[in-house]
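Here the structure comes first, spelled out in structure tokens, and everything after it is commentary.
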Amino acid sequence: MIQTIKNNRLSKRILASLVFAIALLLTHSSQTALAESSLSSLIKEVQPKIVKIYGAGGLKGLESYQSGFLISAQGHVLTAWSYVLDSSVITVVTDDGRRFIAEIQGADPRLEIAILKIEAEDLTHFNLDDSVALSPSERVLAFSNLFSIATGNEPSSVLHGYVSAVTELKAKRSAYRTTYKGKVYIVDAIVNNPGATGGALTNQQGQLAGVLGKELRSSINNIWLNYSIPISEMRDSIEDILAERSINRRADEEMDKPSQPITLPKLGIVLLPDILNKTPPYVDRVIAGSTAEKSNIQPNDLIIFVGSMLVSSQKELREELSYIDQDDLVQIMVLRGDELVDVTLNEAE
């Protein structure tokens, strides 16, 4: 009798344990399903804000596509400043498959960002005022057109990871070639593959945190760096560009030109042959004894700004110089290797 009572008690304990275990399993399964459903809904909310960008490329294995995302209902697209934008035709494809020809409204090479403008209204977009700062170990989502998988209304790629470090990219200056020297999020996810450049990094709630950087590989150990530039690092620059304080001069802009404008020959600058529709303004050589030589302009310099005006082609460079009198100072910015250099030229001296 005693043994039977003990067996019954043991059976009840086992049964209670099984019931408790099943309850835990069901609760965990329910929570997992709920979390997956929530994440799926969040991704669907973010997807309409992501765009695909197509432009220059195709030479020497360079991809002709990258990513971007909408930052206004009026069609402003934030993306990475790269060779892909060095094209006479830049195409932006929205999440619903619509295709637009985009114009470069402005760029900041120091931050490696650019803002494009497409003619559209009432677009779903990120509100920069709601952007967030991230901390190490925080989980993140990376949205981009990875490997150009999406070409129409297909959804962009989404990667899940976390922030492994918040650091200064200039600490890696000897290893990585990039013009940007500032704070970055190092992400524990392969977020900087072809096509991902310019994509959006968000937190787990879908709030914008950063712009996915370019493909960077260490010259020391050949390791790729997966990083994102925080929105906080570029807010002032974005506001300047949106306010049109750093833009290409509009072709229809009415402004008197001086009777004796500055020219490249007067400065002593000889560019590479202008053979493309949008040949970049690379310096081929500098005339001995010229203003350019005295100002330390060097062969292979890429002229990217005249004053506050972005010049992405030789035609735009010559046009911009035509607004400057030969007796005035010429402020330009050149890309020399992986360094941005400000130069002041005075042809009157």
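The lone criterion from (1) closer than 17 Å to ALA56 by Cα; (2) in a loop (DSSP other than H, G, I, E, B); (3) within 17 Å of the chain's Cα centre (by Cα) left unmet by HIS125 is number (1).
I want to confirm something. Restricting to the range 314-343 and keeping residues that are more than 20 Å from GLU112 (Cβ to Cβ) and of a type in the set (Lys, Arg), which single residue is surrounded by the most Cβ atoms within 10 Å (Cβ to Cβ)? Looking at the filtered set, the residue picked out is ARG318. Inspection of the range 79-95 identifies at least one residue that is among the hydrophobic types (A, V, I, L, M, F, W, C), modelled with pLDDT under 95, assigned to a helix (DSSP H, G or I) and within 28 Å of LEU216 (Cβ to Cβ).
Hey, can you tell me all the residues within the range 295-315 that are closer than 18 Å to GLY337 by Cβ and part of a strand (DSSP E or B)? Those that are closer than 18 Å to GLY337 by Cβ and part of a strand (DSSP E or B): LEU302, ILE303, ILE304, PHE305.
Among the residues of the range 121-139, are any among the β-branched types (Val, Ile, Thr) and either surrounded by 21 or more Cβ atoms within 10 Å (Cβ to Cβ) or without any contact (Cβ under 8 Å) to a residue 40 or more places away in the chain (or both)? No - not one qualifying residue is present in the range 121-139. Counting just the residues of the range 130-189 that are assigned to a strand (DSSP E or B), within 27 Å of PRO109 (Cβ to Cβ) and among the β-branched types (Val, Ile, Thr), which one comes out modelled with the lowest pLDDT? Restricting to residues being assigned to a strand (DSSP E or B), within 27 Å of PRO109 (Cβ to Cβ) and among the β-branched types (Val, Ile, Thr), the top hit is THR167. Is it true that ASP274 is at pLDDT 85 or above and in the same structural domain as TYR323 (by TED's automatic domain parsing)? When the stated conditions are applied, ASP274 passes them. Evaluated against (1) over 23 Å from the mean Cα position of the chain (by Cα); (2) basic (Lys, Arg); (3) modelled with pLDDT under 90, ARG249 falls short on exactly one condition, (1). Just for the range 252-271: of the residues that are assigned to a loop (DSSP other than H, G, I, E, B), over 30 Å from the mean Cα position of the chain (by Cα) and of a type outside the set (Val, Ile, Thr), which one is modelled with the lowest pLDDT? Only one residue tops the list, namely GLU254.
The values are calculated or read from the model by the stated rules, or taken from the named source; none is laboratory data. None of these values were measured; they are calculated from a predicted model. Please note: Cβ atoms are built from the backbone with ideal geometry, for glycine as well, and neighbour counts cover all protein chains shown.
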